[in-house]
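Asks: What follows is a single structure, and I will ask about it in a moment.
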Amino acid sequence: VKGTAVERFVADVLLAMSSERIVPIHRGAVDVEDGKVVWSGPLEEATSHSGAVIEIRGILMPGFVDTHCHTPMVLLRGAGEGLLVNQWLKEVMWPREARLEPDDVALAMKLGGSELLRGGITTSVEMYFHGQAVAEAADEIGLRCVVTPPVIEDAQLSSFGTPVDQIQEMVALSERWRGSDLVEVGVGPHATYSVSDEVLRTMSAVASEQGMLIHIHVAEQEWEDGAVRERTGMSAPAYLESIGMFENRVLAAHSVWMDDEDVDIFARNGVAVAHCPCSNMKHASGIARVEDLLGAGIRVGLGTDGPASHHRLDFFEEMRTAMRVARIRTRDAQQLPPNQVLWMATAGAADAIGRPDLGRLAPGSKADMIAIDTGGTLFHPVIRSEDDPVSRLVFQGSPTDVTDVWVSGRKVVENRAVTTFDVESAIEELDARAEGLLS
Ligand SMILES: [Zn+2]
């Protein structure tokens, strides 16, 4: 007999993310075959089923899609506290990162990636050095990953080779992982201020030839906006548009310092944004105009940014921070309602990276799913006539409520523990390797 049997997941509440309104389905079912969803909907409408049935007591929903992360920076978590991004990078991050070996990145990606899975993040868009180590580690622990190795032109980081070498390695990496279920490779020009005009144009051309996602920091800091204007006479969005970069699939991280013209440039070019409010607030970078971006029809996904900027890689905290900052910026308590922010954490984020097969549980989607225990007191009271499970999840949930996680139908977290990597055994080595980066 060819193929595998269909598994049926039945949950008290199913959030299938079939529309932006997010209509919860009570007693919902998801049928999974060969790592993909073949059907989802109310159990009473399901076909008869003789295979395995997995009962979820609580919420079943797609895993979170983290649109901007540098997970191996768990090695630098806590370092350089209290600094603006530019000083933090140049004085604290880059000197240590210059000493990174592939083994450091591999261990950190497995440990940090386990934190992502454990907290319900099943896909991460990663920008980090030693892309092959990132990809192998993600693949090993069962985390879906868009790997976009960075190019940064700074003398401190010359140990990673010339930009030409790094771009060639990116293309080789992309070819090596073509056809992989879990790993997609894109290109990561770090930012307009840290990469030259020539290299930005080359990376843009390579992305276009290979059909790769471009993942770049844009307009993160006030300082950067001034520096780019001085160098190019334009804002970063206007400049990147002028060199043709936006003819590609582009994901712009942060996008804080955006005027009306910049918002229009993103909208007319279909540039997507990774919104990282926790990082933007920690580094005092600024407050992104997320309501204006959404209003202009721009695809926006949430991103944690790296663990040296976010510390906890907690998507529930990210959702709540996004809501709170949007409301205080506009003095409007209707801004970013729970369904909209949950959309930005799942299906909206998947759309932002051009992956409609992720972030939702619809026929043809990858079976990337998380189960959430809503039995704790924090999820109560439940008043049936006015209950909104999405609001309860967004306002009251936390990574510790995620009990089980599947990626492509493979169980990677069971009873709140990662099954694919021995996290405890790696902690001591992580400490030693983190200390080793100091000198
Ligand atoms: Zn970043």
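Asks: For the residues LYS366, LYS282, LYS411, what sequence is obtained by ranking on other C-beta atoms within 10 Å, fewest first?
Replies: Starting with the residue having the fewest Cβ neighbours, the order is LYS411, LYS282, LYS366.
Asks: Roughly how many whole Å is it from the C-alpha centroid of segment 167-245 to that of segment 56-109?
Replies: 20
Asks: With respect to the cross-link table entries LYS282/LYS411; LYS90/LYS411; LYS110/LYS366, which display a Cα-Cα separation exceeding 31 Å?
Replies: Details: LYS282/LYS411 34 Å; LYS90/LYS411 40 Å; LYS110/LYS366 22 Å.
Beyond 31 Å: LYS282/LYS411; LYS90/LYS411.
Asks: Given the DSSP H assignment, sum -39500 (n - 2.57) over each helix run of at least 4 residues in the chain and divide by its residue total; what's the result at 222 nm in deg cm²/dmol, nearest 500?
Replies: Numbers: 16 runs with 156 residues, N = 439.
So the calculated ellipticity at 222 nm is -10500 deg cm²/dmol.
Asks: Using Cβ counts within 10 Å as a stand-in for footprinting exposure, how do TRP177, TRP406 rank, fewest first? Kindly include the intermediate steps, with their values, before the conclusion.
Replies: Details: TRP177 19, TRP406 26.
Lowest count first: TRP177, TRP406.
Asks: Report the local net charge at PRO42: Lys and Arg +1, Asp and Glu -1, summed over other residues whose C-beta lies under 15 Å from its C-beta.
Replies: Working: positive: ARG8, ARG27; negative: ASP12, ASP31, GLU44, GLU45.
The answer is -2.
Asks: With θ set to phi - 60°, apply the Karplus curve 6.51 cos²θ - 1.76 cosθ + 1.60 along segment 345-353 and write out the HN-Hα couplings as whole Hz, x wherever there is a Gly or Pro.
Replies: Ordered by residue, 3J(HN,Hα) equals 8, 10, 4, x, 5, 4, 5, 4, 9 Hz.
Asks: Loop-only check: which trypsin sites (Lys or Arg not before Pro) in segment 172-269 are DSSP coil with at most 13 other Cβ within 10 angstrom?
Replies: ARG178
Asks: Now a separate question. Report the antiparallel proportion of the DSSP beta bridges in the chain as a percent, rounded to a multiple of 5. Numbers along the way, then the final one.
Replies: Working: 27 of 59 bridges.
Of the beta bridges lying entirely in the chain, close to 45 percent run antiparallel.
Asks: Now, a different point. On alpha-carbon atoms, Rg over Rh for the chain using Kirkwood Rh? Don't skip to the end; give the middle numbers.
Replies: Numbers: Rg = 21.1 Å, Rh = 21.9 Å.
Rg/Rh for the chain comes to 0.96.
Asks: Treat segment 157-248 as a sphere of radius equal to its Kirkwood radius over Cα pairs and apply Stokes-Einstein at 20 °C in a medium of 1.002 mPa s; give the translational diffusion coefficient in µm²/s, rounded to a whole number. All intermediate terms of the calculation are to be shown ahead of the outcome.
Replies: Numbers: Rh = 14.0 Å.
Answer, rounded: 153 µm²/s.
Asks: Also: With only alpha-carbon atoms in the gyration tensor, what are the semi-axes of the equivalent ellipsoid for segment 1-114, in Å, largest first? Don't skip to the end; give the middle numbers.
Replies: Details: eigenvalues 381, 69, 22 Å².
For segment 1-114, the ellipsoid semi-axes come out as 44, 19, 11 Å.
Asks: Compute the Cα gyration tensor for segment 321-403, then decide on rounded, prolate or oblate, letting a ≥ b ≥ c be the square roots of its eigenvalues: rounded whenever a/c is under 1.5, prolate when a/b is larger than b/c in the other cases, and oblate in all that remain. If you can, show how the numbers build up before the last one.
Replies: Values: a/c = 2.03, a/b = 1.14, b/c = 1.78.
Judged from the Cα gyration tensor, segment 321-403 comes out oblate (a/c at least 1.5, b/c at or above a/b).
Asks: For Cα pairs less than 8 Å apart in space and 6+ apart in sequence, what is the mean separation divided by the residue count of the chain, i.e. the relative contact order in percent?
Replies: 21
Asks: Under 5 Å between amide H atoms, partner at least 5 residues away or on a different chain: which partners does ARG144 have, H built in plane at 1.01 Å?
Replies: Excluding prolines and chain starts, which carry no amide H, the hits are SER124.
Asks: Roughly how tilted is helix 222-232, in degrees to the nearest 10 and between 0 and 90, from the longest Cα axis of the chain?
Replies: Once rounded, the angle reads 50 degrees.
Asks: Report the local net charge at ILE427: Lys and Arg +1, Asp and Glu -1, summed over other residues whose C-beta lies under 15 Å from its C-beta. Present the calculation step by step, with values, prior to reporting the outcome.
Replies: Working: positive: ARG77, LYS110, ARG118, ARG433; negative: ASP104, GLU115, ASP422, GLU424, GLU428, GLU429, ASP431, GLU435.
Taking every Cβ under 15 Å from that of ILE427, the sum is -4.
Asks: If the convex hull of the alpha-carbon atoms of segment 101-144 is projected onto planes in all directions, what is the mean projected area in square nanometres?
Replies: Working: hull surface 10.2 nm².
Taking a quarter of the hull surface, the average projection is 2.5 nm².
Asks: Shifting gears a bit: Using only Cα positions of segment 379-424, each an equal point scatterer, no hydration layer, compute I(q)/I(0) via Debye at q = 0.30 Å⁻¹ and quote the log10 values to two decimals.
Replies: -1.04
Asks: Specify, per residue and in Å³, the volume enclosed by the convex hull of the alpha carbon atoms belonging to segment 52-181.
Replies: Numbers: hull volume 16.8 nm³, N = 130.
It comes to 129 Å³ per residue, whole-number rounded.
Asks: Kindly express, to the nearest 10 degrees and within the range 0 to 90, the angle between helix 315-330's C-alpha long axis and the longest C-alpha principal axis of the chain.
Replies: Its long axis makes an angle of about 70 degrees.
Asks: A further question follows. I want the local charge near MET17. Using Cβ-Cβ distances under 15 Å, sum +1 for each Lys or Arg and -1 for each Asp or Glu among the other residues. If you can, show how the numbers build up before the last one.
Replies: Working: positive: ARG21, ARG299, ARG355, ARG360, LYS366; negative: GLU20, ASP351, ASP357, ASP368.
In short, +1.
Asks: Separate question: Where does helix 131-141 land angle-wise versus the long Cα axis of the chain, in degrees 0 to 90, nearest 10?
Replies: On a 0 to 90 degree scale, this one is about 10.
Asks: Arranged by the count of other C-beta atoms within 10 angstrom, fewest first, what order do TYR239, TYR128, TYR193 take? Display every interim value, and only then the final one.
Replies: On the way: TYR239 20, TYR128 24, TYR193 17.
Neighbour counts put them in this order, fewest first: TYR193, TYR239, TYR128.
Asks: How about segment 60-133: which trypsin sites (Lys or Arg not before Pro) there lie in a loop by DSSP and see at most 13 other Cβ atoms within 10 Å? Intermediate values should be presented prior to the final figure.
Replies: On the way: sites: ARG77, LYS90, ARG96, ARG99, LYS110, ARG118; in loops: ARG77, ARG99.
Counting only loop positions with at most 13 other Cβ atoms within 10 Å, the trypsin sites (Lys or Arg not before Pro) in segment 60-133 are ARG99.
Asks: Can you give the Rg to Rh ratio of segment 211-326, both from alpha-carbon atoms, with Rh computed by the Kirkwood formula? Please list the in-between numbers first.
Replies: Numbers: Rg = 13.6 Å, Rh = 14.3 Å.
When Rh is taken as the Kirkwood radius, the ratio is 0.95.
Asks: What trypsin sites (Lys or Arg not before Pro) in segment 291-364 are in a loop by DSSP, with at most 15 other Cβ atoms within 10 Å of the Cβ? Show your work: numbers first, answer last.
Replies: On the way: sites: ARG299, ARG312, ARG320, ARG324, ARG327, ARG329, ARG331, ARG360; in loops: ARG299, ARG312, ARG331, ARG360.
Counting only loop positions with at most 15 other Cβ atoms within 10 Å, the trypsin sites (Lys or Arg not before Pro) in segment 291-364 are ARG331.
Since every read-out is calculated from the coordinates, none of them should be taken as a lab result. All of these numbers come straight from a predicted model, not from anything done at the bench. Backbone-built Cβ (ideal geometry, glycine too); neighbour counts: all protein chains shown.
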